[in-house]
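Note sheet for the following structure.
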Amino acid sequence: QVQLVESGGGLVQPGGSLNLSCLASGFTFSIYTMSWYRQGPGKERELVAAFTSTGSANYRDFVKNRFTISRDNAKNTVYLQMNSLKPEDTAAYYCSAFFSGIRYWGQGTQVTVSS
C-alpha cells in the first residue's frame with residue numbers, strides 16, 4: 001500500500017521558518033522524483049520544488065533562495081526547508097512521487113504564514 005505522509009506544517013510569522021517532511025512507503029522510493037506542490041486558498045495546485053532520483057534539485061522562481069528540497073533515500077523521506085516565509089506562501093503543501101507515468105500524492109499539510 002502506497003503512502004505519503006506529510007508533517008511539519010503549522011502557523012508561523014512572516015520571516016519565519018518551517019521544515020516539512022514526507023515519509024514514503026509502499027514503493028521504491030529511490031527511483032522516484034519527489035516533489036512538493038502547494039495549493040493556496042482559491043488557487044490551483046502548483047509545483048514548488050522537485051528532487052530527481054539522480055540528485056538534481058529544481059525550484060520555482062518564487063521560492064528560489066528561500067526553500068531547500070532534500071531527500072534521504074535511506075529513510076524514504078523528502079524534506080522541504082522553508083525560510084523567510086511570506087504570507088503568500090500560505091497553502092496546503094503536498095508531497096508527490098513520480099516515476100514512468102505513475103504519480104502518488106500525500107494528503108497535505110497546512111502552512112499558514114500570518115502575524
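The values are calculated or read from the model by the stated rules, or taken from the named source; none is laboratory data. All values reported here derive from a predicted model rather than from experimental measurement. Neighbour counts are summed over all protein chains in view; Cβ atoms, including those assigned to glycine, are modelled from backbone coordinates with ideal geometry. Protein only, heavy atoms only, side chains kept; ligands, DNA and RNA dropped before computing areas. Shrake-Rupley method; radii C 1.70, N 1.55, O 1.52, S 1.80 Å.
Counting the residues of the range 32-53 that are at pLDDT 95 or above and out of contact with any strand residue (DSSP E or B) (no Cβ under 7 Å at 6 or more places or on another chain) gives 2. Can you pull out the residues in the range 36-56 that are open to solvent by 40 Å² or more (accessible area, probe 1.4 Å), in a loop (DSSP other than H, G, I, E, B), within 18 Å of VAL113 (Cα to Cα) and not charged (D, E, K, R)? Correct list: PRO41, GLY42.
In the range 98-115, the residues that are within 15 Å of SER35 (Cβ to Cβ) and modelled with pLDDT of 95 or more reach residues that are among the polar types (S, T, N, Q) and open to solvent by 70 Å² or more (accessible area, probe 1.4 Å) with C-beta atoms within less than 9 angstrom, at least six apart or across chains, in these pairs: PHE99/THR28; TYR104/GLN3; GLY106/GLN3. Listed residues ASN58, ASN83, ASN65; which is touching a residue at least 40 places away in the same chain (Cβ under 8 Å) and of a type in the set (S, T, N, Q)? Just one listed residue meets the conditions, ASN83. Restricting the range 1-25 to residues that are closer than 17 Å to SER114 by Cβ and of a type in the set (A, V, I, L, M), the residue that is surrounded by the fewest Cβ atoms within 10 Å (Cβ to Cβ) is LEU11. Residues in the range 19-35 that are part of a strand (DSSP E or B) and out of contact with any Asp or Glu (no Cβ under 9 Å at 6 or more places or on another chain): ASN19, ALA24, SER25, THR33, MET34, SER35. Taken over the range 57-72, residues that are open to solvent by 50 Å² or more (accessible area, probe 1.4 Å), more than 15 Å from GLU46 (Cα to Cα) and of a type in the set (Ser, Thr, Tyr) amount to 1.
Remark: pairs (first residue in the range 18-35, in contact (Cβ under 8 Å) with a residue 60 or more places away in the chain; second residue surrounded by fewer than 23 Cβ atoms within 10 Å (Cβ to Cβ) and of a type in the set (Asp, Glu); Cβ separation under 9 Å; 6+ apart in sequence or on different chains) = LEU20/GLU6; CYS22/GLU6.
ARG103 meets each of the listed conditions (1) surrounded by fewer than 20 Cβ atoms within 10 Å (Cβ to Cβ); (2) farther than 20 Å from GLN1 by Cβ; (3) touching a strand residue (DSSP E or B) at 6+ places or on another chain (Cβ under 9 Å); (4) among the charged types (D, E, K, R) apart from (2).
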